[in-house]
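All remarks here apply to the structure that follows.
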Amino acid sequence: MKEKLGMPDLTGRIEGEKMGLFGKKKVDFVSPAGGRLMNITEVEDPVFSSKMLGDGFAVDLTDGEIGAPFDGEVTAAFPTGHAFGIQMKNGMELLVHIGINTVEANGDGFKVMNVKQGDVVKAGQPIVEVDFKKLSKKYNINTMLIITNNLDTPAQFTEPKSVKRGDSVLK
């Protein structure tokens with residue numbers, strides 16, 4: 001049996017957007033970076049793997065450009081570049097956290113693109129550039145995507161696999 005990543009339902013109606021099969025909107029939820037899609041329970045930090053901050057998934061990075069996982073508004077942009085928050089039109093809030101303990105780098109190795117809190121971004125739009133070689137020498141740079149508010153219905157995400165930035169992560 002293949003493992004599924006449990007996440008809130010992202011297929012509900014969104015006013016003013018095109019509807020798909022059976023009148024449900026297929027929301028564009030994409031990998032923020034290239035790497036291996038992994039279950040959040042595989043992450044080596046118990047704060048994330050225990051789902052203390054919320055459910056989600058992670059990407060074991062193979063490149064250093066981190067993009068928006070969906071169309072939405074940037075709700076938090078940490079000046080250190082190690083994390084950002086984004087909210088979808090349906091209210092789902094997501095924390096994108098780049099690496100484990102990378103806050104300790106104090107911004108060294110991160111370059112925030114021309115994006116700030118309150119900006120509206122498109123799925124795949126670059127948010128942070130990561131010096132992958134530099135940071136991976138000292139830190140595990142798995143990138144965690146954590147739903148920080150609880151929505152009622154789990155979504156069906158693809159099983160763990162190799163992804164490129166912009167690849168859909170929904171079934």
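The values are calculated or read from the model by the stated rules, or taken from the named source; none is laboratory data. These numbers were taken from a predicted model, which means no experiment stands behind them. No Cβ is skipped: glycine too gets one built from the backbone with ideal geometry, and neighbour counts run over all protein chains shown. SASA here: full protein model, heavy atoms, side chains in, ligands and nucleic acids out. Shrake-Rupley method; radii C 1.70, N 1.55, O 1.52, S 1.80 Å.
Quick rundown of the values:
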| item | result |
| --- | --- |
| Per-region count, segment 91-112, residues surrounded by 16 or more Cβ atoms within 10 Å (Cβ to Cβ) and within 16 Å of residue 29 (Cα to Cα) | 5 |
| Pairs where the first residue, in segment 123-149, is acidic (Asp, Glu) and surrounded by 15 or more Cβ atoms within 10 Å (Cβ to Cβ) and the second is part of a strand (DSSP E or B) and at pLDDT 95 or above, C-beta under 7 Å, 6+ apart | 129/111 |
| Test: residue in segment 12-24 that is open to solvent by 10 Å² or more (accessible area, probe 1.4 Å) and at pLDDT 90 or above | no |
| Elements of type strands (runs of 3 or more DSSP E) in segment 93-155, at least 3 residues being of a type outside the set (Lys, Arg) | 93-98, 126-130, 143-147 |
| Among (1) in contact with a helix residue (DSSP H, G or I) (Cβ under 8 Å, 6 or more places away or on another chain); (2) more than 17 Å from residue 38 (Cα to Cα); (3) open to solvent by 50 Å² or more (accessible area, probe 1.4 Å) - the single one residue 51 does not satisfy | (2) |
| Segment 142-161, residues that are modelled with pLDDT under 90 and more than 19 Å from residue 88 (Cα to Cα) | 158, 159, 160, 161 |
| Output for segment 77-134, where each listed residue is within 15 Å of the chain's Cα centre (by Cα) and among the acidic types (Asp, Glu) | 93, 129 |
| Check on residue 120, of a type in the set (A, V, I, L, M, F, W, C) and open to solvent by less than 20 Å² (accessible area, probe 1.4 Å) | no |
